[in-house]
Amino acid sequence: EALAMHQAEKPRGALGVVMGWLLESGNAVQNRATVDALDPPPGAAVLEIGFGPGGALEMLARSRPLGLVAGIDHSELMLARARRRLRAGRGDAALDLRLGDAGDLPFPDERFDVVFAVNSFHQWPDKDRALAEMAGVLKPGGDLLLSIRDFRAEGRFEPPGKGAETARAASEMLRELGLQVRLREVVHSASRATFLVRGRKCGRAEPA
């Protein structure tokens, strides 16, 4: 159990390849709900924190005309997989995937129209710092979206209702950063749902 949790947080090696596949298949319906909720403007720069094998980024890039597809993940294995996948699966967008940590984003301030994370918020050791970093690299008028799973039946990773509790806490943290917050629930089945916590940065983006 402990090994599985560690691999889920930072996949590596042969077992990491299997874990990457499991994460993607388990997250497919949540990735779709997240991408459907994002509405980047044409030519937008988007950033995903903890992109894993790159499923959500590819889904977004194939459905929207983006200018920049960027991401950061702390697993070298996932970085290599996502780079291979997105070289062909991003349309005309530029690609900038990096190894790194949510609490120290190596991107300039106000660079992105959309910053999002799927199922990684609960793993960050310093959530306040990570959210402040995300808000910092977001353009005025841009959206920060946290996609948080919620099991409705006993699961192996967390107790039922834990995701709802996490989403409420995340909402408060975004409000403290001065973002305009909306919380939405998407029910996938009797056993699983997704909470989408959206924080909009006040102000208006400068014309390109």
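The values are calculated or read from the model by the stated rules, or taken from the named source; none is laboratory data. Since this is a predicted model, take the numbers as computed values, not measurements. Every residue, glycine among them, receives a Cβ derived from its backbone with ideal geometry; neighbour counts consider all protein chains shown. Each accessible area value is taken on the protein alone, full model and side chains, heavy atoms only, with ligands, DNA and RNA left out. Shrake-Rupley method; radii C 1.70, N 1.55, O 1.52, S 1.80 Å.
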Task: Vicinal HN-Hα couplings computed from phi for the range 77-83 (Karplus, 6.51 cos²θ - 1.76 cosθ + 1.60; Hz; Gly/Pro x) - done: 4, 5, 4, 5, 5, 5, 4
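Show me the GluC sites (Glu not before Pro) within the range 128-186 that DSSP assigns to loop and that have at most 15 other Cβ atoms within 10 Å of their Cβ.
Qualifying residues, ordered by number: 154.
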- [ ] For the range 27-139, report the accessible area per residue in Å² (1.4 Å probe, heavy atoms, rounded to an integer).
- [x] 40
Task: Integer Hz, Karplus 6.51/-1.76/1.60 couplings in order for the range 99-104, x for Gly and Pro - done: 8, x, 10, 4, x, 8
